[in-house]
Amino acid sequence: MTPILTMRGVNRFFGTFHVTQDIDLDLAPGEALGVIGPNGAGKSTLFNLIAGTLPPSSGTVAFRGRDVTRLPASERCHLGVGRSFQIPHPFTGMTVYENLLAASVFGRSGHDVPEEACRDILEMTGLLKNANRPAGSLTLLERKRLELARALATGPQLLLLDEIAGGLTEAECQELVATISAVRDSGVSIIWIEHVVHALLAIVSRLIVIDFGKIVAQGEPRAVMADPLVREIYMGIPADEDAA
Ligand SMILES: Nc1ncnc2c1ncn2[C@@H]1O[C@H](COP(=O)(O)OP(=O)(O)OP(=O)(O)O)[C@@H](O)[C@H]1O
Ligand SMILES: [Mg+2]
(Lines give C-alpha, C1' and ligand atoms only; values in the text may rest on other atoms or scores of the structure.)
(Ligands and ions follow the chains in the order given, each with its own letter.)
Protein backbone atom coordinates (compact mmCIF):
# COMPACT_ATOMS: atom_id res chain seq x y z
CA MET A 1 0.00 0.00 0.00
CA THR A 2 1.36 3.47 -0.87
CA PRO A 3 2.31 5.33 2.32
CA ILE A 4 0.20 8.44 2.93
CA LEU A 5 3.42 10.31 3.79
CA THR A 6 6.99 9.66 2.69
CA MET A 7 9.99 11.77 3.73
CA ARG A 8 13.41 11.01 2.27
CA GLY A 9 16.69 12.58 3.35
CA VAL A 10 14.97 15.71 4.68
CA ASN A 11 17.25 18.38 6.11
CA ARG A 12 16.53 21.90 7.27
CA PHE A 13 19.05 24.54 8.21
CA PHE A 14 18.39 27.91 9.82
CA GLY A 15 21.55 29.73 8.72
CA THR A 16 24.28 27.32 9.79
CA PHE A 17 22.07 25.69 12.45
CA HIS A 18 21.26 22.14 11.24
CA VAL A 19 17.85 21.70 12.88
CA THR A 20 16.38 18.77 10.92
CA GLN A 21 18.84 16.04 10.01
CA ASP A 22 18.39 13.31 7.40
CA ILE A 23 14.79 12.42 8.21
CA ASP A 24 13.45 9.27 6.50
CA LEU A 25 9.87 8.54 7.46
CA ASP A 26 6.94 6.55 6.05
CA LEU A 27 3.42 6.71 7.45
CA ALA A 28 0.85 4.09 6.43
CA PRO A 29 -2.73 5.16 5.64
CA GLY A 30 -4.71 5.16 8.89
CA GLU A 31 -1.59 4.87 11.05
CA ALA A 32 -1.26 6.89 14.28
CA LEU A 33 2.34 7.86 15.03
CA GLY A 34 3.60 9.59 18.18
CA VAL A 35 6.57 11.97 18.31
CA ILE A 36 8.48 12.78 21.47
CA GLY A 37 11.78 14.52 22.20
CA PRO A 38 13.28 17.23 24.36
CA ASN A 39 12.40 20.93 23.99
CA GLY A 40 14.08 22.40 20.93
CA ALA A 41 14.72 18.95 19.37
CA GLY A 42 13.06 19.96 16.09
CA LYS A 43 9.59 18.40 16.46
CA SER A 44 7.54 21.44 15.40
CA THR A 45 10.02 22.08 12.59
CA LEU A 46 9.30 18.55 11.35
CA PHE A 47 5.59 19.48 11.19
CA ASN A 48 6.39 22.69 9.34
CA LEU A 49 8.26 20.61 6.75
CA ILE A 50 5.36 18.16 6.37
CA ALA A 51 2.67 20.85 6.24
CA GLY A 52 4.66 23.09 3.89
CA THR A 53 5.02 26.05 6.26
CA LEU A 54 8.76 25.63 5.63
CA PRO A 55 10.50 24.14 2.59
CA PRO A 56 13.31 21.67 3.34
CA SER A 57 16.92 22.66 2.61
CA SER A 58 17.27 19.24 0.94
CA GLY A 59 15.31 16.02 0.61
CA THR A 60 11.77 15.20 -0.50
CA VAL A 61 8.28 15.03 0.98
CA ALA A 62 5.53 13.03 -0.75
CA PHE A 63 1.87 12.97 0.25
CA ARG A 64 -0.40 10.20 -1.10
CA GLY A 65 2.28 9.30 -3.63
CA ARG A 66 2.66 12.83 -4.98
CA ASP A 67 5.83 14.89 -4.52
CA VAL A 68 4.78 17.97 -2.52
CA THR A 69 8.26 19.16 -1.56
CA ARG A 70 7.79 22.53 -3.27
CA LEU A 71 4.05 22.93 -2.67
CA PRO A 72 3.00 25.71 -0.27
CA ALA A 73 1.04 24.93 2.90
CA SER A 74 -2.25 26.10 1.38
CA GLU A 75 -2.04 23.52 -1.43
CA ARG A 76 -0.97 20.73 0.91
CA CYS A 77 -3.99 21.61 3.06
CA HIS A 78 -6.28 21.24 0.01
CA LEU A 79 -4.71 17.83 -0.64
CA GLY A 80 -5.56 16.73 2.91
CA VAL A 81 -2.82 17.79 5.34
CA GLY A 82 -4.46 19.35 8.41
CA ARG A 83 -2.53 20.65 11.39
CA SER A 84 -2.81 22.31 14.75
CA PHE A 85 -0.22 24.87 15.86
CA GLN A 86 1.63 24.59 19.17
CA ILE A 87 0.76 28.24 19.84
CA PRO A 88 -2.91 28.70 18.87
CA HIS A 89 -3.64 31.67 16.66
CA PRO A 90 -7.33 31.72 15.77
CA PHE A 91 -9.04 34.64 14.04
CA THR A 92 -9.72 36.41 17.35
CA GLY A 93 -12.41 38.79 16.03
CA MET A 94 -14.50 35.93 14.58
CA THR A 95 -16.69 33.56 16.56
CA VAL A 96 -15.66 29.98 17.20
CA TYR A 97 -18.16 28.81 14.59
CA GLU A 98 -16.92 31.34 12.01
CA ASN A 99 -13.36 30.13 12.63
CA LEU A 100 -14.47 26.62 11.76
CA LEU A 101 -16.40 27.74 8.69
CA ALA A 102 -13.34 29.61 7.42
CA ALA A 103 -11.12 26.56 7.96
CA SER A 104 -13.68 24.32 6.31
CA VAL A 105 -14.18 26.49 3.21
CA PHE A 106 -10.42 26.92 2.89
CA GLY A 107 -9.49 23.26 3.38
CA ARG A 108 -12.13 21.91 1.05
CA SER A 109 -11.66 24.62 -1.61
CA GLY A 110 -15.27 25.66 -1.04
CA HIS A 111 -16.67 22.51 -2.68
CA ASP A 112 -18.83 21.32 0.22
CA VAL A 113 -21.60 22.97 2.19
CA PRO A 114 -19.70 22.73 5.47
CA GLU A 115 -22.26 23.91 8.08
CA GLU A 116 -23.28 20.47 9.25
CA ALA A 117 -19.71 19.16 9.36
CA CYS A 118 -18.72 22.21 11.43
CA ARG A 119 -21.51 21.58 13.91
CA ASP A 120 -20.43 17.95 14.31
CA ILE A 121 -16.82 19.02 14.89
CA LEU A 122 -17.92 21.62 17.48
CA GLU A 123 -19.81 18.91 19.31
CA MET A 124 -16.96 16.41 19.02
CA THR A 125 -14.41 18.88 20.42
CA GLY A 126 -16.64 20.13 23.25
CA LEU A 127 -16.97 23.62 21.77
CA LEU A 128 -20.65 23.67 20.90
CA LYS A 129 -21.60 25.83 23.89
CA ASN A 130 -18.92 28.34 22.85
CA ALA A 131 -19.92 28.42 19.17
CA ASN A 132 -21.03 32.06 19.17
CA ARG A 133 -18.27 33.45 21.38
CA PRO A 134 -15.47 35.47 19.79
CA ALA A 135 -12.39 33.23 19.59
CA GLY A 136 -10.40 36.04 21.24
CA SER A 137 -12.37 35.52 24.48
CA LEU A 138 -11.47 31.83 24.83
CA THR A 139 -9.16 30.51 27.53
CA LEU A 140 -5.90 28.87 26.45
CA LEU A 141 -7.40 25.40 26.87
CA GLU A 142 -10.45 26.35 24.79
CA ARG A 143 -8.10 27.76 22.14
CA LYS A 144 -6.29 24.42 22.05
CA ARG A 145 -9.63 22.70 21.45
CA LEU A 146 -10.30 25.22 18.71
CA GLU A 147 -6.92 24.38 17.15
CA LEU A 148 -7.99 20.75 16.93
CA ALA A 149 -11.45 21.72 15.64
CA ARG A 150 -10.01 24.01 12.95
CA ALA A 151 -7.61 21.31 11.79
CA LEU A 152 -10.49 18.81 11.57
CA ALA A 153 -12.66 21.32 9.72
CA THR A 154 -10.19 21.39 6.82
CA GLY A 155 -11.15 17.74 6.17
CA PRO A 156 -7.71 16.17 6.65
CA GLN A 157 -6.54 12.73 5.60
CA LEU A 158 -3.39 13.37 7.62
CA LEU A 159 -3.81 15.23 10.91
CA LEU A 160 -0.74 16.78 12.58
CA LEU A 161 -1.27 17.58 16.27
CA ASP A 162 1.36 19.68 18.06
CA GLU A 163 1.13 19.47 21.87
CA ILE A 164 -2.58 19.85 22.38
CA ALA A 165 -2.84 17.99 25.71
CA GLY A 166 -0.51 20.14 27.83
CA GLY A 167 -2.22 21.82 30.80
CA LEU A 168 -5.40 19.74 30.66
CA THR A 169 -6.88 18.12 33.77
CA GLU A 170 -6.92 14.32 33.74
CA ALA A 171 -10.65 14.31 32.90
CA GLU A 172 -10.13 16.79 30.04
CA CYS A 173 -7.20 14.71 28.81
CA GLN A 174 -9.40 11.59 28.73
CA GLU A 175 -12.02 13.50 26.71
CA LEU A 176 -9.34 14.62 24.26
CA VAL A 177 -8.03 11.06 23.92
CA ALA A 178 -11.59 9.86 23.18
CA THR A 179 -11.98 12.54 20.50
CA ILE A 180 -8.64 11.75 18.83
CA SER A 181 -9.34 8.05 18.99
CA ALA A 182 -12.66 8.62 17.17
CA VAL A 183 -10.79 10.61 14.50
CA ARG A 184 -8.22 7.80 14.15
CA ASP A 185 -10.95 5.17 13.95
CA SER A 186 -12.60 7.13 11.12
CA GLY A 187 -9.47 6.34 9.04
CA VAL A 188 -7.57 9.63 9.34
CA SER A 189 -3.78 9.19 9.68
CA ILE A 190 -2.36 11.03 12.67
CA ILE A 191 1.05 12.28 13.78
CA TRP A 192 0.90 13.59 17.34
CA ILE A 193 3.75 15.47 19.07
CA GLU A 194 3.02 15.30 22.77
CA HIS A 195 4.79 15.54 26.12
CA VAL A 196 1.78 13.99 27.91
CA VAL A 197 3.02 10.48 27.19
CA HIS A 198 0.16 8.47 28.69
CA ALA A 199 -2.31 10.28 26.39
CA LEU A 200 -0.07 9.55 23.42
CA LEU A 201 0.27 5.88 24.29
CA ALA A 202 -3.52 5.53 24.33
CA ILE A 203 -3.64 6.50 20.64
CA VAL A 204 -0.48 5.65 18.73
CA SER A 205 0.79 2.31 17.45
CA ARG A 206 4.33 3.58 16.74
CA LEU A 207 6.53 6.12 18.45
CA ILE A 208 9.55 8.04 17.18
CA VAL A 209 12.01 9.94 19.33
CA ILE A 210 13.71 13.05 17.97
CA ASP A 211 16.87 14.45 19.49
CA PHE A 212 18.95 17.23 17.92
CA GLY A 213 16.81 16.96 14.78
CA LYS A 214 17.41 13.24 14.20
CA ILE A 215 15.19 10.20 14.66
CA VAL A 216 17.18 8.39 17.38
CA ALA A 217 14.67 5.63 18.24
CA GLN A 218 11.42 4.26 16.87
CA GLY A 219 9.11 1.30 17.20
CA GLU A 220 6.38 -0.12 19.41
CA PRO A 221 5.59 2.68 21.87
CA ARG A 222 6.11 0.87 25.19
CA ALA A 223 9.33 -0.75 23.98
CA VAL A 224 10.61 2.67 22.84
CA MET A 225 9.74 4.26 26.20
CA ALA A 226 11.58 1.45 28.01
CA ASP A 227 14.75 1.89 25.89
CA PRO A 228 17.56 3.10 28.22
CA LEU A 229 18.80 5.58 25.57
CA VAL A 230 15.32 7.12 25.34
CA ARG A 231 14.99 7.31 29.10
CA GLU A 232 18.30 9.12 29.25
CA ILE A 233 17.52 11.57 26.42
CA TYR A 234 13.93 12.21 27.21
CA MET A 235 13.59 11.83 30.94
CA GLY A 236 17.16 12.59 31.99
CA ILE A 237 17.52 9.20 33.70
CA PRO A 238 21.16 8.11 33.24
CA ALA A 239 21.44 4.64 31.66
CA ASP A 240 23.66 3.32 34.48
CA GLU A 241 21.07 4.39 37.11
CA ASP A 242 18.53 2.43 35.10
CA ALA A 243 20.58 -0.71 35.40
CA ALA A 244 21.02 -0.29 39.18
N1 LIG B 1 12.25 29.97 12.01
C2 LIG B 1 13.30 29.65 12.76
N3 LIG B 1 14.46 30.34 12.68
C4 LIG B 1 15.54 30.01 13.43
N5 LIG B 1 15.56 29.00 14.33
C6 LIG B 1 14.43 28.28 14.46
C7 LIG B 1 13.25 28.56 13.70
N8 LIG B 1 12.29 27.66 14.06
C9 LIG B 1 12.84 26.88 14.99
N10 LIG B 1 14.13 27.24 15.23
C11 LIG B 1 15.04 26.58 16.17
O12 LIG B 1 15.09 25.22 15.81
C13 LIG B 1 15.16 24.40 16.98
C14 LIG B 1 14.02 23.42 16.96
O15 LIG B 1 12.79 24.13 17.17
P16 LIG B 1 11.39 23.39 17.23
O17 LIG B 1 10.37 24.44 17.50
O18 LIG B 1 11.23 22.57 16.02
O19 LIG B 1 11.59 22.45 18.50
P20 LIG B 1 10.53 21.53 19.27
O21 LIG B 1 11.12 20.18 19.33
O22 LIG B 1 9.19 21.70 18.69
O23 LIG B 1 10.58 22.16 20.74
P24 LIG B 1 9.39 22.32 21.86
O25 LIG B 1 9.29 20.98 22.55
O26 LIG B 1 9.95 23.35 22.80
O27 LIG B 1 8.16 22.75 21.18
C28 LIG B 1 15.13 25.36 18.18
O29 LIG B 1 16.45 25.58 18.61
C30 LIG B 1 14.53 26.60 17.60
O31 LIG B 1 14.96 27.76 18.30
MG1 LIG C 1 7.43 22.40 19.33
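Can you find a residue in the stretch 37-44 that is of a type in the set (A, V, I, L, M, F, W, C), outside any loop (DSSP other than H, G, I, E, B) and surrounded by 17 or more Cβ atoms within 10 Å (Cβ to Cβ)? Within the stretch 37-44, not a single residue is of a type in the set (A, V, I, L, M, F, W, C), outside any loop (DSSP other than H, G, I, E, B) and surrounded by 17 or more Cβ atoms within 10 Å (Cβ to Cβ). Mind listing just one residue for me: the one in the stretch 30-49 that is in contact with a Leu (Cβ under 6 Å, 6 or more places away or on another chain) and either outside the structural domain of V188 (by TED's automatic domain parsing) or within 12 Å of ligand 1 (Cβ to nearest atom) (or both) and, of those, nearest to R222 (Cα to Cα)? Residue satisfying both the conditions and the ranking: F47. Taken over the stretch 77-91, the criterion of being within 16 Å of ligand 1 (Cβ to nearest atom) and either part of a loop (DSSP other than H, G, I, E, B) or over 15 Å from the mean Cα position of the chain (by Cα) (or both) is satisfied by S84, F85, Q86, I87, P88, H89. Of (1) surrounded by fewer than 19 Cβ atoms within 10 Å (Cβ to Cβ); (2) assigned to a helix (DSSP H, G or I); (3) not β-branched (V, I, T), G166 satisfies all except one. Which? Failed condition: (2).
Is the stretch 108-117 home to any residue that is among the acidic types (D, E), under 25 Å from E194 (Cα atoms) and in a helix (DSSP H, G or I)? Steps first, answer last, please.
So in the stretch 108-117, the residues among the acidic types (D, E) come out as 112, 115-116.
In the following step, the residues that additionally are under 25 Å from E194 (Cα atoms) were identified as none.
No, the stretch 108-117 contains no residue that is among the acidic types (D, E), under 25 Å from E194 (Cα atoms) and in a helix (DSSP H, G or I).
Considering L146, L160, L176, which residue is in the same structural domain as E75 (by TED's automatic domain parsing), surrounded by 22 or more Cβ atoms within 10 Å (Cβ to Cβ) and in a helix (DSSP H, G or I)? Criteria check complete, one pass: L176. Does D185 fit the bill of being more than 16 Å from ligand 2 (Cβ to nearest atom) and within 27 Å of A102 (Cα to Cα)? Judged against the criteria, D185 is a match.
The set of residues in the stretch 23-36 being surrounded by 15 or more Cβ atoms within 10 Å (Cβ to Cβ) and part of a strand (DSSP E or B) consists of I23, L25, L27, A32, L33, G34, V35, I36. Only one entry in L33, L71 is at pLDDT 95 or above and touching a Lys or Arg at 6+ places or on another chain (Cβ under 6 Å), namely L33.
Every residue, every condition in (1) among the β-branched types (V, I, T); (2) within 18 Å of D120 (Cα to Cα), yes or no:
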position	(1), (2)
P134	no, no
L140	no, no
A151	no, yes
P156	no, yes
E163	no, no
G167	no, no
A171	no, no
E175	no, yes
V183	yes, yes
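Residues that are farther than 26 Å from L5 by Cα, out of contact with any strand residue (DSSP E or B) (no Cβ under 7 Å at 6 or more places or on another chain) and among the polar types (S, T, N, Q) within the stretch 82-124 comprise just one, N99. From the list V10, V19, V61, the one residue that fits, being hydrophobic (A, V, I, L, M, F, W, C), within 15 Å of ligand 2 (Cβ to nearest atom), assigned by TED's automatic domain parsing to the domain that holds S205 and in a strand (DSSP E or B), is V19.
Within the stretch 1-13, the residues that satisfy the criterion of being over 17 Å from G52 (Cβ atoms) and surrounded by 11 or more Cβ atoms within 10 Å (Cβ to Cβ) are T2, P3, G9, F13.
Only one of A199, A217, A182 is among the aliphatic types (A, V, I, L, M), surrounded by fewer than 16 Cβ atoms within 10 Å (Cβ to Cβ) and not in a loop (DSSP other than H, G, I, E, B); which? Please lay out each step first, then the result.
Working: A199 fails: surrounded by fewer than 16 Cβ atoms within 10 Å (Cβ to Cβ); A217 fails: surrounded by fewer than 16 Cβ atoms within 10 Å (Cβ to Cβ).
When all the criteria are applied, what remains is A182.
The number of residues in the stretch 50-76 that are of a type outside the set (K, R), touching a residue at least 40 places away in the same chain (Cβ under 8 Å) and either within 16 Å of ligand 1 (Cβ to nearest atom) or touching a Ser or Thr at 6+ places or on another chain (Cβ under 9 Å) (or both) comes to 11.
The values are calculated or read from the model by the stated rules, or taken from the named source; none is laboratory data. Source: prediction; values computed, not measured. Every residue, glycine as well, gets a Cβ built from its backbone with ideal geometry; the counts of neighbours run over all protein chains shown.
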